[in-house]
Structure formats: C-alpha cells, structure tokens
1. Between a residue in segment A:110-122 that is under 18 Å from residue A:137 (Cβ atoms) and any residue that is of a type in the set (Ser, Thr, Tyr), which pairs come within a Cβ distance under 7 Å, given they are 6 or more apart or on different chains?
2. May I ask you to list the residues in segment A:284-303 that are buried (at least 21 other Cβ atoms within 10 Å of the Cβ) and assigned to a loop (DSSP other than H, G, I, E, B)?
3. Between B:568, B:527, B:540, B:536, which is assigned to a strand (DSSP E or B) and more than 11 Å from chain A (Cβ to nearest Cβ)?
4. Confirm whether residue B:382 is assigned to a loop (DSSP other than H, G, I, E, B) and either within 14 Å of chain A (Cβ to nearest Cβ) or not aromatic (Phe, Trp, Tyr) (or both).
5. Hey, residue B:150 hits all of (1) under 29 Å from residue B:504 (Cβ atoms); (2) modelled with pLDDT under 95; (3) assigned to a loop (DSSP other than H, G, I, E, B) but one; which does it fall short on?
6. Taking residue B:602 as meeting all but one of (1) within 14 Å of chain A (Cβ to nearest Cβ); (2) in contact (Cβ under 8 Å) with a residue 24 or more places away in the chain, write down the number of the exception.
7. Mind telling me which of the residues B:343, B:335 ends up being over 30 Å from residue B:43 (Cβ atoms), touching a residue at least 24 places away in the same chain (Cβ under 8 Å), among the β-branched types (Val, Ile, Thr) and not in a loop (DSSP other than H, G, I, E, B)?
8. Count, please, the residues in segment A:105-134 that happen to be more than 14 Å from chain B (Cβ to nearest Cβ), part of a strand (DSSP E or B) and not hydroxyl-bearing (Ser, Thr, Tyr).
Amino acid sequence: MKNFNLIIVAALSILFCSCSNEDPTLQNDTPVPEGDFTDGFFVLNEGGFTYNNASVSFVNDQGEVFNNIFSSTNNRNLGDVAQSMSFYDELALVVLNYSNTIEVVNRYTFESVASIEDQILNPRYASIVGDKAYITNWGDPTDIEDDYVAILDLNTFTIQEKIEVVEGPEKIVEADGKLYVAHKGGWGYGHEISVIDLSTNTVQSKIEVSDVPDGMLHSEGYLYVLSSGKASWTGEVTKGGMFKINTSNLQIEEEFDFPDGDHPKFLVEYDNSLHYILGRDIFRVEPSNFNLPNSPFISTADQDISVLYGFNIHKDTVYVADAKDYVSNGEVHLYNTSGEHLTKYGVRLIPNGFYFN
Amino acid sequence: MKLLIRSFGLMAIFCCSIQAQQDSIQKLDEVVLKKTIFKDSSYTKTYSILSDSLIERNQASLTNLLNFNSTIYFKENGAGMVSSPSFRGTTASQTAVLWNGININSQTTGQTDFNTVVTRGFDQIIIQPGGGGVDVGSNAIGGTIALENRIEYNTGLQNQFLLTGGSFNTYGLNYDGQYSNQSSFLGIQLSHNASDNDYPFLESDRINENGQYQNSNLGLNAGFKLSSYDELRVYFNVFDGKRHFSLPTPNALPTKYYDFNTRSLVEWISDKDGLQNNIKAAYLTENYEFYPNIERDVFSFGEVRSFILKHSTLYEVSSSISLIGRLNYIRNDGTGSDIESETRNLGSAVVGLKHQLSDDVIYEVNLRQELNQDFENPFLYSFGIQASLSDFYAIKANTSKSFRIPTFNDLYWQGLGNSELLPELSYQGELSHVFTWSKQRIQLTTYYNQVENLLNWVPDISGIWRPQNTDEVEIYGLEVLTHLEKQWGDHEITFDQTYAYTVSENKATGNQLIYVPYHKVTAALSYNLRRFSAFYQQLYNGQVFTTTDNAQEQILGDFSVANIGLEYDLGKTQNYEVGVQLLNLWNVAYQSVQNRPMPGRNINAYVNLTF
C-alpha cells in the first residue's frame, strides 16, 4: 500500500497545476497615465456582446495609448457594450447598453462616482440639460411600446421620471428648451423625430423624416437629420435622406434624397459644415448649399478599413474607427482636414466613438 | 464541507475511468465478418470507446463526459449553457454527432449543442478523431462522436435506476430498462435532469444568476429477429430542454431558450451468403425557441424536419476482400422567424473496397460523390492502411477528404443568407503508432488537416454581417492516448490519459484560431477493491485566444480542474451502489468561454440500483 500512495503523490504532483488567483474576468492591461485626460482623446470601445469587456482608451498628444482606463482605475470591468459617452461638469457618463447601466466617473481621473443600475433598460444615448441627463432607452427589445427617455438627476444619481416615446429612440439633442429624439428603430425601423417640451416633459409633436434617422445635430437655429434608409437586406429597401429643420416652427425647410443603394451614416458638424460617412468616404454638406455633394471630402480607402464604426472631427483632426471583424482589437485612424492620413493607433475591441475633455 | 474534503484527502485513493481503447488490430481476424464493417475506416484510424459504466460515473451532459475523457476542447457558456466543441483545432460545426448512425447536427446552426445531449441511457459513445466525410457525410472534419444503443437478445429482464443529487439543487432521475428473449428486444430509457445552477463565482461576489435548467429525455429501442439472417430495429428518442441563459452582467435582461428534438429510426439488417444489407430510414425534427425576455411570450424560432434514407451493401468477394456500396438521401425542410422556408435535397453515393493483404496488413479505399441541387458537389475519398509490425506494435495511416455543407442560417437567413456559398473542404492525413502489451496500450497520432472555404459571417464596411467562404486554415497536431491497468489479488487499478497538442492557424494571418488551446490533457486514475471503487480525474486546458488577432490581454488563461469519486456496492446478490463525488476538487476558478465562470467545488451523490 505504501507504493500505491507514492504513485498517487507522484501522479498528483504531475497533474495538479496551481492557477492564478486574479479575478479571471477582469479586463486590465496598461497602467493609467499621469495627468487629467485633457491632452488627448478618449476612444470608447464597446466590446463584444456578452463578453463584459467594454473599455475606454485614452490616447495622449504624444501618441501614447492607454487602454482599459476604467478597469485600471476602478479594478472592475466597465460592462457590456458601451454605447456612448456624455459629459457634465466634472463628470463623464458612460452608457452601457447590454449591462443596462450608466457608469458615472470623474472625467479627469476616471474614478467611479456612481453606477445607475435600476430603471433603465437598453439605454442608448444621453443629452445633458442643466443638472439632468436625458437618456434614450429601447426598453424590452421585443416590446415596441415600452420605449422611453429616462430623466437622471445628476445630483442624486436617481432616475426621476420616464417620458414615453415611440419605438427605437436613439440620438437625443437639446435646443431652446426642447429635446429632439431621433427614432432610428430598435426591433423595427423608425422614421420620426420626437419633440419633447422640457417645461412639461411631454412629447409635444413629431417630425416625419425618411427611414432610420442615424445622425442628428443642432446648429444655429436648425436641426439637421441624416437618415440612412433601409438597407436591401431588410427586404424593403428605402432611400436615405438629409433634412434641415427650422426649430422655430419645426418645419423641414430643405431636404435631399440619396441615390438608391446609398445608406449614409453618422453626422458631425465641423467648421460650420456637416459631415457624414458613405462606405469608406467622408462627405461634406454646407448648410447654405443644402444639396447632395458630388465628391467626397476625404476618403479612407487607402487605409483598408474593415468596418467603419466610429467617426468624429475635432480641432482640425478627423477621427475614424475600424472595428475590424468585431472579434479582434480595433484601430483608430487620424486624418487632417485635407484628407492626409496622419497616423493610426491600436485600441481595444470594437471602437465606436471619440470623445474629448 | 471542509472536514469532508480532508477525509477525502486522507483516503488518498484516487482512481478510475474506464476508457476502453478498442483495438481493431487484435480483432482483425474476426472483425471482417462482423457488422461493424459498416463503419468505414474503422481499421486504419484510431478511435476510443466510452463504456456505459464510464458514462454513468460522469455527469449527465455530453460536454462533461467528453471534457474529462477526450482531447476535445469545449466552449461552454457557463455550466449547462450552450456548449460547442473544438475537435482537433476545428470550429464548432466541424464535429459530427451521430445518434445510432444518423447525423443529428442542427441544420440551422450546423452544430450540436453538447449540453442538449443526455448521455444517460446510451450503451457506448465512440470518439473518432479526424476526417470522416466519406462515412458520415457533412461536418465530420475535426471528428465524429457516435452515440449508440445496443440491441442484444436473450438477456431477459434488466432494470436500472440511477438517482443523483448535488449542490445547487442539481438532481437527476434516470431509468434504464430492457427485456429481450430469443427474437425480440425492447429497451426504454427515461432521464430527467434539473438544476437551479445558481453557483457562486469564485473570486467574485456574484452568483450565476438566471442559469437554471431542466431537461427530459426519452429513448425507446426495439429489435426483432425476422429470420436467421435478418433483423428489424427501431429507435426513438425525444429531448425536451428548457434553459434560462445565465446573465453575462448582473443587470442584463434575463433570457431563456427551449429545445425540442425528436429522432425516429427504422433499420433493417440482413446478412446472408456473404451479402450484407443495411437500410435505415430516419425522421428527425429539431426546434428551438429563444425568448429575449423571460417575462414575455415573444420568441424567435427555427425548425427543421429531416428525412434520411441510407442503404449500405457489403459483398464479401472472398475471405479477405469486401466491396461496399452505399446510397444516401437527405431531405431537409426548414422554417423559422429569421430564415426563409426552404427545402433542400441532398444525395450521395459511396463505393469502397477493403482488402486484407496478409494476416498483418489491411487497406481500405472509399470514394464518395455528393449529389445535390444547391451547391458544388464535392468528390470525397478516404484511403487507409494498417500494418501490424510486431506483436505489440502496429501502424495505421489514413488520408481523406471531407466537407461541410452550409447551414440553413448561412443560406437562407432573411436578407443576409448567401446562396452562392461553397461547402467547406478538408484534406487530411494522419499516422498512428499503436503499442499494445497485455491490457496496456499507448497510442500516438500525428495529423495534418487543411481546411478550405471556411464559412464565416463577415461584416462589411457598414458593419452588416453576411456569410462568406473566407479563410483557409492549416491544422496539425499530436495526440497521445494511454491506457494502463494492473490487477493483483482483489485490487485493480486503471489509468487513462489523453494529451493533444494542436496548432490551428488561419493561413492569411498566421494566427491561432480562437478557442483552440495548444495543449489539453486529461487523466483518470481508478481503483477497485471488491465492492469498493474510487476515481480521480483531472483536466488541463492550456490558454486560448479569444480574439482573431490573438490579443494578449484577451487571452483566457489555462486551468486545471479535478473530480474525485467514491463508490460502494451494498447489494449482496444485486447491485445497489451508492457513490459520492466532489467536482472541481481543488476549487479552481476557471472558464472556457470569456466572461462565463464555471462552478467551484461542489458535491454530487448517487444511488444506482440494478435488478
């Protein structure tokens, strides 16, 4: 029997390997940079659906990349599918779609301030007005009648009220005491802009646009909306369109259609012009000459981007995110406004947006 | 709990799994005349057989059984959740699962969810690595798992109750009964398994929320000897599974998933004057429902009904030469909330030759032509040779071409399906060295596999996914399987071990495929003394990449987990076994899919009554 025990001890020592004691799910890599995140830009990486690996990267002006700044600072994961980011005073709000959570951090340290986990379901985008955040929510994805805009009090971090809206509220913009909510669609496809009166927190009226309003912004008395139209795979293809809406009377003053098969995305204002993405190209529209542009302003074709998933322009620099195959770390490309490719940086899984302190 | 664990440690007796490595070499003389001849390539490739006693000692799901007893890596979304295999470095749909000879991979996903296959009630499960396209048809690229019910005559009445219970309110109720006389056989298997599955995550303050599951499985088998040379067999199986999907983050909306599958098979076997015939007619239904919110009665679904007809003929030209001919026909009718209603017809024809050149050498050649309306028809082949070079050493060599057809999702997903898809193709070769002496056995296999037209859903510039034939994958590896046993007096010890080294590279990028470990090891030691037996089994999975760029910070670390079990037979004349098992003995935090922690140490006890 002694021999047998020896065999067992030997077998055990071969077989038993000790494993590390770290939380195996924690996403943690590069250390957090010195400073207050003002000399560079944030990249929001939404992460893989169900993998709980959404993250925020920061790239400083020296070109150093710091990934996972939320988990490095707070020693826990950010969450699942980071949809968007908004800023208020010293705070940054990160909207986590599949986690049904808003993470509130100090925008200069990224230390957690609060987590809002209750009463929101499928949150998408937030717009800050005064000390309130208005957050669009799809609700239960299978229920097309439970969509709403949640009002978050930024002093108490509690949801105060919900404003019921039609299905699929996405981008949200404030102008002159009104909130404009673009209904891109969640389960189905939307084609409306809800106008919410902030004095009563009720939907005051609706503006019809073409299908799938993806981009929306307010500038100098006008609301600009870019609709993608329904793509062919939906089974009922429709045209994309661009709309210039006078916010004093909520009338569409000018509009144009996109050719069949063109489904533009994003809408960014820079240098008093509007910019959108079609395929691998960036197009520019002047509000004073509201017509379909003939040629692109900048093309990203040389960079061989796989999935153009994020776009912004800030201080003469154009930022474009490549989500690759969704199953590998993404890249961000920087261009100057003449269209020259400046540089690129590797970030984390599925970059979808650029934000600036 | 602690005391219990210590007492286990003190007993320091570990042991047992009964993985029989069947060696066809030793049975070569008799095997030529046996009906196993219908398994092509059974002489020139290695395979492993998991016996019913091993099946009973492992947990009820096919994932658990194979995880601890084979080289296959399992991607399990938490205990009991969706589970898919990577066999020899291949993708989830490149492993074929056969139920009594019929391929049961889902026609919508191409995969088998190994947590929807209840192992209780099967008499044996055969693991055959490598390309089996000629024999099995689609999906057999990484390998094949065959679930088999045996039909035997003249065994009288046998009843078996297996009752299990354990941590997290996990329990299983199983009955296996059979009766046979000289000319008839009837078997019935009932199994019900359920768990709250709310285990705590180790090194975290979370628990596995919304992970409860239950499933029921009914099997019926019957056999009738029609004459001295022919026989009719009937098999039926129905699986009804309801699972909630555990939450990836605490506030995620709870979802659930229902499976309902039925399988019916009628088989006629005849063996007369050197001519063997086997006709199988099968009807399978598969149905899933996914509920994005457990509170609401809104779901997406997919449903496929399949009719399968197979005719095999074997003619013994002489005592050393057999010719084989086969015709297969499959009709699939699919519908679903996201796929267009479609019907497809698939046919194939096979011819083969087996030739025993001498007492020591046998070779076999099989050719298969696919005949279908929807896509390119590959021509498949396998060629193999086996030579016994000495009393204890034999080599087997095999080369083959296999394929996988696109799934209903790939072809017919509304708006996104791609009707231009080609089948995946696989060209492989393998060489095995088999050493056997008395009851000991060591088997060493090296293989190479090149997969072309790999089917992937690839996003376009706007982020819309569409299925495409994209990549080429080069896979090579090494497998070592060992079976040792020793008996002295009333003592019996057996040791089984598997090791796989796997390189599976996307040829365009040079990167290892995701969720393919370079190393996997299983080992099991079992000890038996009269009425007492005990086992210890260990599983090691090397690290895996979870991103296609093999990003270092997304690597899922390696892990090593172990189970231990003790069993005592109380019965005097009959078997009344009681047993207790500690699973994840060393309480290791591990996960086989990112963000899907598995349970820590937990306990499981059972009573097994046979009469």
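The values are calculated or read from the model by the stated rules, or taken from the named source; none is laboratory data. This one's a predicted model, so the numbers in the text were calculated from it and none came from an experiment. Neighbour counts are summed over all protein chains in view; Cβ atoms, including those assigned to glycine, are modelled from backbone coordinates with ideal geometry.
1. Every condition considered, the pairs that remain are A:115/A:101; A:116/A:101; A:117/A:101.
2. Across segment A:284-303, the qualifying residue is only A:300.
3. Selected residue: B:568, the only one of B:568, B:527, B:540, B:536 that is assigned to a strand (DSSP E or B) and more than 11 Å from chain A (Cβ to nearest Cβ).
4. no
5. The failed condition is (1).
6. Going through the list (1) within 14 Å of chain A (Cβ to nearest Cβ); (2) in contact (Cβ under 8 Å) with a residue 24 or more places away in the chain, residue B:602 breaks only (1).
7. B:335
8. Residues that pass the stated criteria total 10.
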